[in-house]
Amino acid sequence: MKRSAVFLAAITLLAGASSMTTPAQAACEPGTKLDSTTVDSTRILVTKAGYKNPQHLRKGCDSAWHGTATKNGAAVSIAVTTDGKVVEEGE
C-alpha cells in the first residue's frame with residue numbers, strides 16, 4: 001500500500017512538471033513570446049551599467065527584466081529593456 005502511494009505521488013509530480021511554466025510566463029497572456037535572455041546575462045548588463053548587487057530579477061511579459069540594485073550606496077528599482085539598456089524605474 002505504501003509503495004502504491006509513493007508511486008502515485010511520483011507519477012502525479014512528473015505529469016505536472018511537463019505543463020509547468022516559469023514565473024514570468026505564469027502572469028502573461030497565453031501565447032506571449034518571451035526572449036531568451038537569462039538572469040545571468042542580465043546581471044552582467046546591470047553591473048556594467050555601474051550598479052552593484054542586482055537582486056530580485058524577474059522577466060516581465062514584455063521581456064524586460066525588473067529588479068533592484070545599489071547605485072551610489074542607495075537601493076534603486078531598475079529595469080533592463082529588451083535592447084539592453086538599464087533604466088531606473090519610478091522616475
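Of all residues in the range 69-90, which are part of a strand (DSSP E or B), more than 13 Å from residue 49 (Cα to Cα) and among the hydroxyl-bearing types (Ser, Thr, Tyr)?
Of everything in the range 69-90, just one residue is part of a strand (DSSP E or B), more than 13 Å from residue 49 (Cα to Cα) and among the hydroxyl-bearing types (Ser, Thr, Tyr), namely 77.
Of the residues that make up the range 35-52, is at least one assigned to a strand (DSSP E or B), among the polar types (S, T, N, Q) and either touching a helix residue (DSSP H, G or I) at 6+ places or on another chain (Cβ under 8 Å) or at pLDDT 85 or above (or both)?
Checked the range 35-52: no residue is assigned to a strand (DSSP E or B), among the polar types (S, T, N, Q) and either touching a helix residue (DSSP H, G or I) at 6+ places or on another chain (Cβ under 8 Å) or at pLDDT 85 or above (or both).
The values are calculated or read from the model by the stated rules, or taken from the named source; none is laboratory data. Predicted model, so just to flag it, every value in this text is computed and none were measured. When we count neighbours, we look across all protein chains shown, and the Cβ atoms used for this are built from the backbone with ideal geometry, even at glycine.
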